[in-house]
1. Please work out if Thr128 is assigned to a strand (DSSP E or B), open to solvent by 60 Å² or more (accessible area, probe 1.4 Å) and free of Cβ contacts under 8 Å to residues at least 40 places away in the same chain.
2. What number of residues in the range 169-200 are β-branched (Val, Ile, Thr) and either under 30 Å from Gly81 (Cβ atoms) or over 43 Å from the mean Cα position of the chain (by Cα) (or both)?
3. Quick one: Gly78 ticks every box in (1) among the small types (Gly, Ala, Ser); (2) over 19 Å from the mean Cα position of the chain (by Cα); (3) part of a strand (DSSP E or B) bar one, so which box is it?
4. One residue is enough: does the range 144-167 have a residue meeting the conditions exposed (fewer than 12 other Cβ atoms within 10 Å of the Cβ) and within 22 Å of Thr76 (Cβ to Cβ)?
5. Provide a single number: the residues in the range 1-24 that are surrounded by 13 or more Cβ atoms within 10 Å (Cβ to Cβ) and among the aromatic types (Phe, Trp, Tyr).
6. Kindly provide the set of residues from the range 97-114 that are outside any strand (DSSP E or B) and touching a Ser or Thr at 6+ places or on another chain (Cβ under 9 Å), ordered by number.
7. Quick check on the range 173-197: of everything there that is assigned to a helix (DSSP H, G or I) and not hydrophobic (A, V, I, L, M, F, W, C), which residue is nearest to Leu158 (Cα to Cα)?
8. For Gly94, are the conditions met, namely being open to solvent by less than 60 Å² (accessible area, probe 1.4 Å) and in a loop (DSSP other than H, G, I, E, B)?
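The values are calculated or read from the model by the stated rules, or taken from the named source; none is laboratory data. The shown structure was predicted, so the numbers you read here are calculated from the model rather than taken from an experiment. Ideal geometry is used to build each Cβ from the backbone, glycine not excepted, and the neighbour counts take in all protein chains shown. To get the accessible areas, we keep the full protein, side chains included, count just its heavy atoms, and leave off ligands, DNA and RNA. Shrake-Rupley method; radii C 1.70, N 1.55, O 1.52, S 1.80 Å.
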Amino acid sequence: YVPGSYVVSSLSTITNALVLSGGIADTGSLRNIQLKRKGKIVQTLDLYKLLLEGDNRGDISLQSGDVVFIPPVGPTIGIAGEVRRPAIYELVSGESVSDLIRFAGGMTPSAYPTAASMERIGREQIRTVLDVDLVAMGGTLSVGDGDVLTIPSVLDKLQDTVELKGHVYRPGIRNWVSGLRLSDILGSVDVLHSGADLRY
């Protein structure tokens, strides 16, 4: 955000310089931060590895005259729906849907990955939607710049259940099994509020 020359201590690293300069702008790359020394790239830093995995091996110490160069952001892919960190992520060459889901913190327990959808800009610059079965594909689906992956939720309904409600002390949902009778659910009249109509 604030490019320019800065005086830093001899113990400063690439991330110290980034913090001092106000951080990376929205149009800057987080995956390909370059440290240039005498005109040559001596180190690249992937902030995703640092922020998401705690890997700081690329965050080396600076020397006098070094240049920390932030190139434009690379291909970006959005992910929405049942993931822990829905957002827009920058992917590098060779990464796939499984990497995108990993960056997003993984799927939530209520995710339904077999009915996911991928929105992308197709031929003639027209948006299209692809049905994606993430279970069958194993996360190997390739992604492109501008794609948006949406992972839906499981249906909001219960299976093999019986609901007890009305003039009872403990209404709620019970498990249904074959042969279940009304007396198995109620047990006795003690589960009913006083004044319950025992004839109906």
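1. No; evaluated as a whole, the condition is false for this residue.
2. 3
3. With respect to (1) among the small types (Gly, Ala, Ser); (2) over 19 Å from the mean Cα position of the chain (by Cα); (3) part of a strand (DSSP E or B), Gly78 is out only on (2).
4. Looking for residues that are exposed (fewer than 12 other Cβ atoms within 10 Å of the Cβ) and within 22 Å of Thr76 (Cβ to Cβ), one finds at least one in the range 144-167, hence yes.
5. Number of matching residues: 1.
6. Selection gives Val97, Ser98, Thr108, Ser110, Tyr112.
7. Here the answer is Asp184.
8. Judged against the criteria, Gly94 is not a match.
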